[in-house]
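Q: Provided herewith is a single structure, encoded as structure tokens, for subsequent inquiry.
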Amino acid sequence: MKKLAELYRGKAKTVYTTENPDLLILEFRNDTSAFDGLRIEQLDRKGMVNNKFNYFIMTQLRQAGIPTQVESLLSDNEVLVKKLQMVPVECVVRNRAAGSLVKRLGVEEGQVLNPPTFELFLKNDALHDPMVNDSHCKAFGWASDDQLAKMKELSFKINTILTDLFDKAGLILVDYKLEFGLFKGEITLGDEFSPDGCRLWEKSTLKKMDKDRFRQGLGGVIEAYEEVAKRIGVCL
Ligand code: TMP
Ligand code: ASP
């Protein structure tokens, strides 16, 4: 499958059309963004690591019965996916307090959240992805009641699968962001799952192994991504 035309250039990936109107190619770039595009840097190997990481996770999720957009791995930096009509809200699941939750509620970083929380954020960099709720989604036509219920159900199913997968690799899945879309009417997992969009802490030391290393200038960003990949069994 060949790239036809550039459809959309995001902060870390470029989306291309193909000869098949139902299929797109995602190209993972080395661009690494934080603070809604305020800081962007090139990190060597990041495109390759995230593409292979994402393909591995999406395959695990598909095998566990989650509908995902991924079709096949095309190259180090490219994956063939179904064309989804994206829902413009991000779903965030949290198992421990970190990031914006700590800032917003003044709670302690690392506090275990039992049960895990589910939050929605509007995808809008200029507005810094404001938090929204179900009624906003319905009033503005971003997602229906049924679609929201499905997104929430899948987000928590994914939490069970991935918390276990990372736990076996000695890692805590602190939180993560998912994006869903519609494929022939079915809510389907899109975008990517990689250390760019989740928080992972080493169980024994609580060392941050995700994009917080970039956001907080801790260094060793890609080395941490590669370590996580190695531990869960991704072939780089
Ligand atoms: P937050 O603590 O900044 O709200 O983020 C929660 C998790 O979701 C964290 O793992 C980062 C991820 N996330 C993104 O990757 N992109 C986003 O735009 C948002 C809002 C969150
Ligand atoms: N994903 C967002 C960005 O690219 C937010 C973040 O990761 O800090 O800027």
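The values are calculated or read from the model by the stated rules, or taken from the named source; none is laboratory data. Owing to the predicted nature of the structure, the values given are computational and were not obtained by experimental measurement. All Cβ positions, even for glycine, are placed from backbone atoms using ideal geometry, and neighbour counts span all protein chains on display. For the accessible areas, the whole protein counts, side chains as well, though only heavy atoms, and no ligand, DNA or RNA atoms are used. Shrake-Rupley method; radii C 1.70, N 1.55, O 1.52, S 1.80 Å.
Q: Can you work out the FRET efficiency for the pair Val15 and Gln63, with r the C-beta to C-beta distance and R0 = 22 Å, to the nearest 0.05?
A: E between Val15 and Gln63, to the nearest 0.05, is 0.30.
Q: Also: For a quick check, take a GNM of the chain with Cα springs below 10 Å and name the residue from Ile222, Ile40, Ile57 with the largest mean-square fluctuation.
A: Evaluated over the chain, the most mobile residue of the options is Ile40.
Q: Further question on the same structure: Rounded, prolate or oblate: which fits the stretch 35-99 when a ≥ b ≥ c are the square roots of the eigenvalues of the alpha-carbon gyration tensor, with rounded for a/c under 1.5 and prolate only if a/b beats b/c?
A: Here the stretch 35-99 falls in the oblate category.
Q: Set the Förster distance to 45 Å, then compute FRET efficiency between Lys2 and Gln111 from the Cβ-Cβ distance, nearest 0.05.
A: 0.40
Q: In 10 Å bins starting at zero, report the fraction of Cα pairs in the stretch 1-129 per bin as a rounded %.
A: That works out to 11, 31, 39, 16, 3, 0, in percent per bin.
Q: Run through the stretch 130-236 and list the trypsin sites (Lys or Arg not before Pro) located in a DSSP loop whose Cβ has at most 13 other Cβ atoms within 10 Å.
A: When the trypsin sites (Lys or Arg not before Pro) of the stretch 130-236 are filtered for loop state and at most 13 Cβ neighbours within 10 Å, Lys184, Lys203 remain.
Q: Could I ask something else about it? What percentage of the solvent-accessible surface of the chain, computed with a 1.4 Å probe over protein heavy atoms, is contributed by carbon and sulfur atoms?
A: 51 percent
Q: Follow-up question, since we're still on this one. Give the long-range amide H neighbours of Glu192: residues separated by 5 or more places, or on another chain, with amide H under 5 Å away, using H modelled in the peptide plane at 1.01 Å from N.
A: Glu179
Q: Quick one: which residues, 5 or more positions from Arg96 or on another chain, have an amide H under 5 Å from its amide H? H modelled 1.01 Å from N in the peptide plane, none for Pro or chain starts.
A: Sorted by chain and number, the residues that satisfy this are Leu113.
Q: Let me ask something else about it. Can you work out ³J(HN,Hα) from phi for every residue in the stretch 137-144, in order, using Karplus 6.51 cos²θ - 1.76 cosθ + 1.60 and θ = phi - 60°, giving whole Hz and x for Gly and Pro?
A: In residue order, the calculated couplings are 4, 6, 4, 9, x, 6, 7, 7 Hz.
Q: Considering only protein heavy atoms, with the full assembly of protein chains and a 1.4 angstrom probe, order Trp142, Trp201 by accessible area, largest first.
A: Trp142, Trp201
Q: Measuring with a 1.4 Å probe in the full set of protein chains, what accessible area per residue, in whole Å², belongs to the chain?
A: For the chain, the solvent-accessible area averages 47 Å² per residue.
Q: Within a Cβ distance under 11 Å of Val107, other residues only, what is the Lys/Arg minus Asp/Glu net charge?
A: Once all neighbours under 11 Å are counted, the net charge is +2.
Q: Quote the FRET efficiency, to the nearest 0.05, computed for Glu153 versus Asp44 with a Förster distance R0 of 41 Å and r equal to the Cβ-Cβ distance.
A: The value I calculate is 0.60.
Q: Nearest 500 deg cm²/dmol is fine: what mean residue ellipticity at 222 nm does the chain get from its DSSP H runs of n ≥ 4 alone, each adding -39,500 (n - 2.57), divided by its residue count?
A: One gets -9500 deg cm²/dmol as the mean residue ellipticity at 222 nm.
Q: Could you give the alpha-carbon Rg of the chain over 2.2 N^0.38 Å, rounded to two decimals?
A: 0.97
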